[in-house]
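The structure under discussion appears below in the form of structure tokens.
A short reminder: the numbers here are calculations on the coordinates, not readings from a lab. All of these numbers come straight from a predicted model, not from anything done at the bench. Here the Cβ is made from the backbone with ideal geometry for all residues, glycine too, and neighbour counts use every protein chain on show.
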């Protein structure tokens with residue numbers, strides 16, 4: 001229908017008649033006339049349209065279809081939906097049916113099973129790939145409401161006051177989840193709590209259904225006492241609950257707390273009770289997985305990511321190639337070889353690797369000459385990754401920044417203004433580079449000891465993942481030449497150590513200009529930034545207030561003339577953790593619930 005031109009009636013035609021459409025489609029001719037019916041309120045067309053569909057050359061229509069013209073496009077929802085004013089089109093709740101509905105990830109499991117570890121690591125990954133994600137840890141809400149933790153008695157199932165406080169804390173966290181997903185541009189919220197009973201999980205499911213959110217459960221099951229004990233010693237004993245307690249007493253109290261949860265623990269049961277629920281069970285720290293009813297692309301990526309991570313001790317080394325000939329000339333990109341100082345760095349790197357005495361060290365390089373020459377000096381097997389190639393500067397390849405500023409002043413200003421989303425003409429942006437490097441991250445998570453010899457922009461992207469840096473920080477991370485960064489994964493993050501190998505090199509780092517920091521740049525060109533990306537925050541559709549948005553629409557548009565919705569660009573990644581939005585209101589709410 002949208003392809004049929006809406007031409008004016010020919011001179012002398014009866015009122016209400018529409019000239020025959022000039023277009024033909026596979027031997028079928030479409031003709032139409034206006035039906036003399038009153039206009040539909042809220043519609044820009046005066047009346048519905050009767051279409052007569054007949055074989056070409058035939059004068060008698062074989063089928064007459066009355067096409068209602070009340071399909072509208074909500075500016076908020078950005079989806080096609082029926083207009084309320086048409087009685088023939090029943091209203092249906094669209095929340096859970098939306099493909100891109102926000103998702104609530106619900107953690108399940110006994111204490112000290114790695115739920116918070118999974119929550120933070122998964123959130124770091126999702127934010128890195130550009131999916132706004134935030135953790136809502138119910139334990140933080142509980143500590144905000146109950147200032148002084150006394151003992152495990154607070155968690156006993158027969159302690160009604162403690163049970164009520166914990167429930168109120170969970171409800172407060174869910175209210176913040178709703179605010180984040182509906183108002184603050186969030187796409188995924190991680191509800192980090194034990195959620196060991198079906199009653200509590202049912203409460204979360206009802207909350208999600210009311211607000212049009214999808215739910216994905218992640219249950220961490222660990223039956224190895226040594227793993228649990230190690231987790232308690234490394235993580236739990238350093239929590240605020242045991243700040244003024246010795247390790248022996250803290251260990252004893254926490255084990256009793258686990259027993260309190262064990263008494264009422266109801267694991268997820270995908271074979272019976274939870275057969276219709278989307279979930280993954282991570283058993284014994286990744287030894288085995290059980291996946292049930294994955295709904296969409298994001299959930300598939302979450303499952304794939306969880307199946308690649310491990311907790312074995314390891315070390316990841318990141319470094320750039322040795323200084324190249326183009327580095328000396330100040331040129332970007334290209335495929336030049338090493339300078340004399342770059343060759344000295346390669347020899348120093350070989351000595352450094354020998355001193356580390358790492359077992360089964362894997363070495364990865366890009367497919368560019370300067371990284372390969374650096375790896376050749378190590379006299380060890382290495383693998384070449386095309387994904388590790390430097391960012392493609394397009395038409396600016398093999399140019400200095402001064403030449404770019406002179407020949408392409410607008411491009412130079414645009415990149416300074418928004419370096420992460422800016423895309424070189426015929427080249428790449430940092431956001432494009434992140435998507436290219438995702439398989440590398442997956443493989444790094446699977447491996448043990450790895451040395452990655454790469455390039456400045458690539459190293460920034462990898463480092464931003466491990467250090468949980470935002471998109472705004474990523475393009476300005478300092479990754480100097482002839483320096484090795486030693487990354488050691490720890491409980492809730494990554495420890496980084498910078499090791500300079502004492503070989504001089506040029507400085508290739510550029511800070512953001514002061515002019516770019518002052519405000520937005522009015523310059524813009526087609527494809528100058530990655531599509532659907534901008535530092536300005538974007539609010540997601542408010543599924544729960546769907547009726548209000550439809551009611552507030554000024555006019556409904558006919559199906560043949562779809563409304564143009566201005567493209568908005570998603571915002572920077574939100575922080576990965578949450579605390580109660582209003583401390584006083586939250587505490588009074590919890591106490592009022594008690």
Projected label distance in nm at residue 223 and residue 359, using a 7 Å step from Cα toward the beta-carbon = 2.8 nm
In vacuum, with every alpha carbon of segment 409-501 counted as one equal point scatterer, what does the Debye formula give for log10 I(q)/I(0) at q = 0.16, 0.17, 0.19, 0.20 Å⁻¹? Two decimals, please.
-> -0.72, -0.80, -0.97, -1.06
Find the relative contact order for segment 103-310 and round it to a whole percent, using C-alpha pairs within less than 8 Å whose residues are 6+ positions apart.
-> 30 percent
Over what distance in Å are the Cα centres of segment 342-401 and segment 406-481 separated?
-> 17 Å
Inter-label distance, nm, simple model (7 Å from Cα along the C-beta direction), residue 311/residue 517 = 4.2 nm
Among 371, 133, which comes first, second and so on when ranked by fewest other beta-carbon atoms within 10 Å?
-> 133, 371
Contour excess over end-to-end distance, with Cα ends at residue 494 and residue 382 and 0.36 nm allotted per residue = 37.8 nm
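So, R0 is 25 Å and r is the distance between the beta-carbons of residue 271 and residue 295; what FRET efficiency does that work out to, to 0.05? Don't skip to the end; give the middle numbers.
Working: r = 19 Å, r/R0 = 0.75.
Efficiency, rounded to the nearest 0.05: 0.85.
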Which ordering of 421, 401 is given by a fewest-first count of other beta-carbon atoms within 10 Å?
-> 401, 421
Between residue 262 and residue 400, what FRET efficiency follows from the Cβ-Cβ distance if R0 is 51 Å, with the result rounded to 0.05?
-> 0.20
Between residue 510 and residue 179, with labels modelled 7 Å along Cα→Cβ, what's the label distance in nm to one decimal, could you check?
-> 4.1 nm
Sorted by Cβ density within 10 Å, fewest first, the residues 243, 124, 370 | 243, 124, 370
